[in-house]
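> One structure follows; several queries about it will come next.
Since every read-out is calculated from the coordinates, none of them should be taken as a lab result. This one's a predicted model, so the numbers in the text were calculated from it and none came from an experiment. Here the Cβ positions follow ideal geometry from the backbone for every residue, glycine too, while neighbour counts run over all protein chains shown.
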Amino acid sequence: MFRKIDYTERMSEAITALAQSGAFLTVAANGKVNTMTIGWGTIGYIWGRPIMMVLVRPSRYTFGLLKAAGEFTVSIPLSGLAEELKVCGSKSGRTLDKLALTGLATVKGQTVSAPVIADCDLYYECKVVYQTQLDPTMLADTCQKWYPQDDYHTLFFGEITACYAKE
């Protein structure tokens, strides 16, 4: 069902899909599983290890779960799932179960507690090694466009512990 790949093997496809249509960021903590749509993030090599950096606003339900869990998965559909991405990016897990609402199936993570979304094409499992809140004084002209309500993202740097693709 899955084929292990090097985190760089399909990195270009992953970043393109993230920017164009989004991906599912999934977290499991405190007996809850929640997924949200992300459109910002990057993959690279920092501190001698492969890293996926994702951004989550403190106001999001996923934020508290992510802080509690210290790990996450990113499931990337290369085509399809547009409606599911829309729902998971516009509804809150505080008030409803997005997985049940969308009918998205999950598969147990290989190296983390969070599952991955079954019908995607690329998967990254990550353990948080660092986090930092954006400093608005460094964003100058960006703040007004992206942060009109001063709800600045926290950047979570996750060491990639597994990377695989659907066969």
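> Does at least one position in the range 71-79 carry a residue that is of a type outside the set (A, V, I, L, M) and more than 15 Å from the chain's Cα centre (by Cα)?
Looking for residues that are of a type outside the set (A, V, I, L, M) and more than 15 Å from the chain's Cα centre (by Cα), one finds at least one in the range 71-79, hence yes.
> Continuing with this model, one more query. Take A114 and decide whether it is surrounded by fewer than 17 Cβ atoms within 10 Å (Cβ to Cβ) and out of contact with any Gly (no Cβ under 7 Å at 6 or more places or on another chain).
No.
> Give just the number: which of (1) touching a strand residue (DSSP E or B) at 6+ places or on another chain (Cβ under 6 Å); (2) surrounded by 17 or more Cβ atoms within 10 Å (Cβ to Cβ); (3) in a helix (DSSP H, G or I) does G89 not satisfy?
(2)
> Out of the residues in the range 38-53 that are touching a residue at least 12 places away in the same chain (Cβ under 8 Å) and over 19 Å from K67 (Cβ atoms), which is nearest to the chain's Cα centre (by Cα)?
G39
> Go through the range 113-138 and give me each residue that's in contact with a helix residue (DSSP H, G or I) (Cβ under 8 Å, 6 or more places away or on another chain), within 18 Å of M53 (Cα to Cα) and assigned to a loop (DSSP other than H, G, I, E, B).
Correct list: A114 only.
Yes/no per residue for (1) under 20 Å from T106 (Cβ atoms); (2) assigned to a helix (DSSP H, G or I):
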site: A17; (1), (2): yes, yes
site: F24; (1), (2): yes, no
site: A28; (1), (2): yes, no
site: N34; (1), (2): yes, no
site: G44; (1), (2): no, no
site: L55; (1), (2): no, no
site: P58; (1), (2): no, no
site: L66; (1), (2): yes, yes
site: T73; (1), (2): yes, no
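> Something else about it: All but one of (1) in contact with a Leu (Cβ under 8 Å, 6 or more places away or on another chain); (2) surrounded by fewer than 20 Cβ atoms within 10 Å (Cβ to Cβ); (3) within 30 Å of D6 (Cβ to Cβ) hold for V56; which doesn't?
The failed condition is (2).
> Another question about this same structure. State which residue is surrounded by the most Cβ atoms within 10 Å (Cβ to Cβ) when the search covers only the range 139-167 and only residues that are in a strand (DSSP E or B) and of a type in the set (V, I, T).
Looking at the filtered set, the residue picked out is I160.
> Can you go through G103, G109 and tell me which one is closer than 23 Å to R10 by Cα and small (G, A, S)?
The conditions single out G109.
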